[in-house]
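Notes follow the structure.
The values are calculated or read from the model by the stated rules, or taken from the named source; none is laboratory data. Owing to the predicted nature of the structure, the values given are computational and were not obtained by experimental measurement. Note that we place each Cβ from the backbone using ideal geometry, even for glycine, and neighbour counts take in every protein chain shown.
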Amino acid sequence: MKKDNKSDVVSLLETFQKNVLMHKPPVKDMLVEIRMMKFKVKPRQGDFSAIDFANDELIEVLWSLGKLDEFVHLQYPRLNDEDQEAFFSYFDSMQKKLQNDLNKINLKQETTGTRLIALEIEIFKDRSRRKKAN
């Protein structure tokens, strides 16, 4: 039975990968969706003003991370304890791959010098929920 649970989880993630991550919409549409995902970008080190937020690769990776996050929040409550462990194991590998892709992107706009300056940013989703006034 344990193998069946893992194969179900793998099948679930493979279906997500095939139906969502491999069929990306045009960059313009991804950008609209990213805005709705409420990502926040926080400078950690370096010149934040030098970042090219119109970079297509950046938009694609952020969109993929956002879709993966949405998928996890949708599927996680539906899984039993055994499935959750397998799910997060596979989810972790997908997330690490996307983070590595993000780290490889040249985020700087055109530069005039040849000096490399370290740049570190933190990207997270705003999950704050507004309280309803009574």
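At-a-glance table
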| quantity | calculated |
| --- | --- |
| Any hit, the stretch 10-18, residues being over 27 Å from Glu120 (Cα atoms), polar (S, T, N, Q) and surrounded by 14 or more Cβ atoms within 10 Å (Cβ to Cβ) | yes |
| Residues of the stretch 46-55 satisfying the condition of being surrounded by fewer than 12 Cβ atoms within 10 Å (Cβ to Cβ) and over 21 Å from Asp126 (Cα atoms) | Asp47, Ser49 |
| Flag if Lys67 is at pLDDT below 80 and in contact with a helix residue (DSSP H, G or I) (Cβ under 6 Å, 6 or more places away or on another chain) | no |
| So Phe39, is it in contact (Cβ under 8 Å) with a residue 60 or more places away in the chain and among the aromatic types (Phe, Trp, Tyr) | yes |
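Table: residues versus (1) of a type in the set (A, V, I, L, M, F, W, C); (2) modelled with pLDDT under 85; (3) surrounded by 10 or more Cβ atoms within 10 Å (Cβ to Cβ).
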{"residue": "Phe71", "(1), (2), (3)": "yes, no, yes"}
{"residue": "Asn80", "(1), (2), (3)": "no, no, no"}
{"residue": "Tyr90", "(1), (2), (3)": "no, yes, yes"}
{"residue": "Asn100", "(1), (2), (3)": "no, no, yes"}
{"residue": "Arg127", "(1), (2), (3)": "no, yes, no"}
